[in-house]
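Student: There's a structure below that I have some questions on.
The values are calculated or read from the model by the stated rules, or taken from the named source; none is laboratory data. A quick note: this is a predicted structure, and the numbers were derived from the prediction, not measured. Quick reminder, even Gly has a Cβ in these numbers, built from the backbone with ideal geometry, and neighbours come from all protein chains shown.
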Amino acid sequence: MAILSSCTQKSVNPISSISYSIENGGKGAASSSITISKDSTKYVWANYKETKTRSEATLPKTWNKIVGIINLEDFDQISSSERRIQYDGSDIVIVINDDKEHKLINGEQDSIHYSKIKPLKKMIEQEHKRLDSLALRL
């Protein structure tokens with residue numbers, strides 16, 4: 001007797017994009033962001049006078065490494081903190097998009113849950129810094 005079974009596999013990678021923004025308050029404040037998708041990476045730096053952008057293709061190795069360390073359950077457990085931008089401070093905003101938006105603002109104060117995404121944050125910050133140095137030379 002043969003038994004056939006069918007498995008419906010959930011999409012291996014439902015994440016469509018990840019963005020990381022540093023939003024600074026105060027007079028003449030500059031803000032920057034990076035948005036990474038499977039196909040492209042876009043960096044934007046702006047202040048009240050000018051905007052600089054840089055775009056490039058996302059390397060499959062980079063994309064797979066980033067999405068491979070994302071655990072949306074851990075990410076969603078982190079509590080966002082109050083915005084600081086209105087007090088001339090800086091906000092760090094991380095957004096992960098799949099079939100919905102998962103958003104975190106200044107989550108580092110949630111020391112219990114935030115530590116779980118440190119590898120993701122470190123990887124995104126490295127890409128942000130790399131493109132920041134390239135874009136600001138333009």
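Student: Give me the residue from the stretch 108-123 that is without any contact (Cβ under 8 Å) to a residue 40 or more places away in the chain and out of contact with any Phe, Trp or Tyr (no Cβ under 9 Å at 6 or more places or on another chain) and, out of that set, surrounded by the most Cβ atoms within 10 Å (Cβ to Cβ).
Tutor: Among those residues, the one meeting the criterion is 114.
Student: For the stretch 42-78, how many residues are hydroxyl-bearing (Ser, Thr, Tyr) and either touching a Phe, Trp or Tyr at 6+ places or on another chain (Cβ under 9 Å) or surrounded by fewer than 12 Cβ atoms within 10 Å (Cβ to Cβ) (or both)?
Tutor: Within the stretch 42-78, the first condition is being hydroxyl-bearing (Ser, Thr, Tyr), and the residues that meet it are 43, 48, 51, 53, 55, 58, 62.
Subset that is either touching a Phe, Trp or Tyr at 6+ places or on another chain (Cβ under 9 Å) or surrounded by fewer than 12 Cβ atoms within 10 Å (Cβ to Cβ) (or both): 48, 51, 53, 55.
Residues in the stretch 42-78 being hydroxyl-bearing (Ser, Thr, Tyr) and either touching a Phe, Trp or Tyr at 6+ places or on another chain (Cβ under 9 Å) or surrounded by fewer than 12 Cβ atoms within 10 Å (Cβ to Cβ) (or both): 4 in total.
Student: Going by the conditions given, is residue 79 touching a strand residue (DSSP E or B) at 6+ places or on another chain (Cβ under 6 Å), among the small types (Gly, Ala, Ser) and more than 17 Å from residue 36 (Cα to Cα)? Steps first, please.
Tutor: Values: touching a strand residue (DSSP E or B) at 6+ places or on another chain (Cβ under 6 Å): no; among the small types (Gly, Ala, Ser): yes; more than 17 Å from residue 36 (Cα to Cα): yes.
No.
Student: If only one of 20, 48 is among the aromatic types (Phe, Trp, Tyr), under 23 Å from residue 134 (Cα atoms) and at pLDDT 90 or above, which one is it? Even if it seems obvious, please write down each step before you answer.
Tutor: On the way: 48 fails: at pLDDT 90 or above.
Result: 20 is the single residue among 20, 48 that is among the aromatic types (Phe, Trp, Tyr), under 23 Å from residue 134 (Cα atoms) and at pLDDT 90 or above.
Student: Moving on. When you go through 133, 40 one by one, which is the residue that is within 23 Å of residue 16 (Cβ to Cβ) and of a type in the set (Ser, Thr, Tyr)?
Tutor: Details: 133 fails: within 23 Å of residue 16 (Cβ to Cβ).
Checking each option against the conditions leaves just 40.
Student: Looking only at residues that are in contact with a Gly (Cβ under 8 Å, 6 or more places away or on another chain) and not in a loop (DSSP other than H, G, I, E, B) in the stretch 69-90, which one is modelled with the highest pLDDT?
Tutor: Ranking the candidates gives 90 first.
Student: Looking only at residues that are touching a helix residue (DSSP H, G or I) at 6+ places or on another chain (Cβ under 7 Å) and part of a helix (DSSP H, G or I) in the stretch 91-119, which one is farthest from residue 72 (Cα to Cα)?
Tutor: Among those that are touching a helix residue (DSSP H, G or I) at 6+ places or on another chain (Cβ under 7 Å) and part of a helix (DSSP H, G or I), it is 108.
Student: Something else: What number of residues within the stretch 97-107 satisfy the criterion of being closer than 14 Å to residue 20 by Cα and either basic (Lys, Arg) or touching a Phe, Trp or Tyr at 6+ places or on another chain (Cβ under 6 Å) (or both)?
Tutor: Taking the stretch 97-107 as the starting set, the residues that turn out to be closer than 14 Å to residue 20 by Cα are 97, 101-107.
Of the ones still in play, those that are also either basic (Lys, Arg) or touching a Phe, Trp or Tyr at 6+ places or on another chain (Cβ under 6 Å) (or both) are 102-103, 107.
The qualifying residues number 3.
So that you can scan it fast, the table gives a plain yes or no per residue for (1) more than 12 Å from the chain's Cα centre (by Cα); (2) acidic (Asp, Glu); (3) closer than 24 Å to residue 137 by Cβ:
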position: 38; (1), (2), (3): yes, no, no
position: 42; (1), (2), (3): no, no, yes
position: 47; (1), (2), (3): yes, no, yes
position: 50; (1), (2), (3): yes, yes, yes
position: 54; (1), (2), (3): yes, no, yes
position: 60; (1), (2), (3): yes, no, no
position: 66; (1), (2), (3): no, no, no
position: 70; (1), (2), (3): no, no, no
position: 75; (1), (2), (3): no, no, no
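Student: Let me ask you something else. Among the residues of the stretch 21-41, how many are surrounded by fewer than 14 Cβ atoms within 10 Å (Cβ to Cβ) and not in a strand (DSSP E or B)?
Tutor: Of the residues in the stretch 21-41, the ones surrounded by fewer than 14 Cβ atoms within 10 Å (Cβ to Cβ) are 26-28, 39-40.
Among the residues that remain, those that are also not in a strand (DSSP E or B) are: 26-28, 39.
Qualifying residue count, the stretch 21-41: 4.
Student: OK, next. Would you call residue 2 at pLDDT below 90, among the hydrophobic types (A, V, I, L, M, F, W, C) and loosely packed, with under 11 Cβ neighbours inside 10 Å? Outline the logic, then answer.
Tutor: Details: at pLDDT below 90: yes; among the hydrophobic types (A, V, I, L, M, F, W, C): yes; loosely packed, with under 11 Cβ neighbours inside 10 Å: yes.
Considered against the rule, which asks whether it is at pLDDT below 90, among the hydrophobic types (A, V, I, L, M, F, W, C) and loosely packed, with under 11 Cβ neighbours inside 10 Å, residue 2 comes out as yes.
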